[in-house]
1. Checking Pro3 against (1) modelled with pLDDT under 85; (2) surrounded by 10 or more Cβ atoms within 10 Å (Cβ to Cβ), only one condition comes out false. Which one?
2. Could you tell me which residue of segment 6-58 is modelled with the lowest pLDDT, considering only residues that are more than 26 Å from Trp77 (Cα to Cα) and assigned to a helix (DSSP H, G or I)?
Amino acid sequence: MAPDPWSSLGRLLLSLGVLLILLGGTFLLVGHMPGISHLPGDIHYQKGNFSCFFPLVSMLLLSALLTLLLNLIIRLWHR
C-alpha cells in the first residue's frame, strides 16, 4: 500500500513549523546574550552620517550551526 501523500505533506509542514519555532527561540535568546552580536571579524564601517554593518563571522558561524543541525535532522528523519 502506497503512503498517503497528504499525511506526508502534513508531517513535513509540522516538522518545518517546529523547526521555525526552535529557530525563532534561538534568535530571541542569542539577541540577549552579550558579545554574540558583534564578533571579531564582523565589518563595521562608519563615516559621517553613513553607517554599514556586515556580520561576516556571525553569518559564517550561523551557517555552520544550521548545516550541522539540518544534517542531524536529515539523518534522524531517514532512520
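1. Tallying (1) modelled with pLDDT under 85; (2) surrounded by 10 or more Cβ atoms within 10 Å (Cβ to Cβ), Pro3 fails exactly one: (2).
2. First pass over segment 6-58, keeping only residues more than 26 Å from Trp77 (Cα to Cα): 28-58.
Going one step further and asking which of them are assigned to a helix (DSSP H, G or I), we end up with 28-31, 56-58.
Details: Leu28: 81, Leu29: 79, Val30: 71, Gly31: 67, Leu56: 87, Val57: 86, Ser58: 82.
Checked segment 6-58; the qualifying residue modelled with the lowest pLDDT is Gly31.
The values are calculated or read from the model by the stated rules, or taken from the named source; none is laboratory data. As the structure is a computational prediction, the values presented were derived from the model and not from experiment. Every residue, glycine among them, receives a Cβ derived from its backbone with ideal geometry; neighbour counts consider all protein chains shown.
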